[in-house]
Amino acid sequence: MKIIGITGGVGAGKTQILEYLNNRYGATVCQTDMVGKKLQKKGTKCFDEIVACFGTEILDEKGELNRDKLAGIVFSDTVKRNELNAIVHPAVAEEIHRKIAKEERRNTNLFIIESALLIETHYDEICDEVWYIYVEASIRKKRLVYARGYDARKVDDIIAAQLPKDEFMKHCDRVIDNSNTFEETQAQLDEIVADL
């Protein structure tokens, strides 16, 4: 089984690429964000630790985490972001290792770990290859404002909290340019998968 790490800044179009790899090549996709959200549901160990660390003011009226409120805190405060990461990342890593073992038993050919923090959280160490999805910053900003309805300040905060392009490039085996049409991106992906 090939384990591929896919990373890139927010707004780089990773989701569309993952859907393509799943539909076209039957890749099993594991998004660390999704795993993390599941592990932070009310009643879990992560949830309890987050509330103990950040207080009950980060909860919504149903007693679940108010993700926007929490994001507002951690994207503007490095110390708080590190505290949250110290709670969530080890639990996510444990779950991903469990998923990899399960897919190996099922004889899966292609297992993809997608994470904006792939390098910072050292998932690159368990990957056969790491692919960086590159999109010019100005295009990413436009996508986030129009597609997700984020305001410009939130977009700048999120982008500032992520690694710069050069840092991604240092750790990646391949770069996929997703700045133009998706057909062009598909052609790059087909070539890379054939090369695997």
Segment 34-107: Rg to Rh, with Rh as the Kirkwood radius over Cα pairs: 1.06
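If we count trypsin sites (Lys or Arg not before Pro) as exposed when they sit in a DSSP loop and have at most 16 other beta carbons within 10 Å, what is the longest stretch of the chain that avoids them all?
Details: sites that count: LYS41, LYS42, LYS62, ARG106.
It runs 107-196.
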Cα-based equivalent ellipsoid of segment 81-137: semi-axis lengths in Å, sorted from largest, via gyration tensor: 22, 18, 8
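Provide, as a two-decimal number, the C-alpha radius of gyration of the chain over 2.2 N^0.38 Å, N being how many residues it has. Write out the running numbers ahead of the final one.
Values: Rg = 17.2 Å, N = 196, 2.2 N^0.38 = 16.3 Å.
Working it through for the chain, the quotient is 1.06.
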Net charge of Cβ neighbours under 12 Å - reference LEU39; Lys, Arg +1; Asp, Glu -1: +1
With all protein chains modelled, accessible area of PHE168 [1.4 Å, Å²]: 0
Summed side-chain charge close to CYS30 - residues other than CYS30 whose Cβ falls under 11 Å, Lys, Arg +1, Asp, Glu -1: -1
Proportion of all alpha-carbon pairs of segment 81-183 beyond 22 Å (%): 45
Separation in nanometres of the label points that stand 7 Å from Cα toward Cβ, at ALA160 and CYS53: 2.2
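The values are calculated or read from the model by the stated rules, or taken from the named source; none is laboratory data. Nothing here was measured: the structure is a model prediction, and the numbers come from that model. Please note: Cβ atoms are built from the backbone with ideal geometry, for glycine as well, and neighbour counts cover all protein chains shown. To get the accessible areas, we keep the full protein, side chains included, count just its heavy atoms, and leave off ligands, DNA and RNA. Shrake-Rupley method; radii C 1.70, N 1.55, O 1.52, S 1.80 Å.
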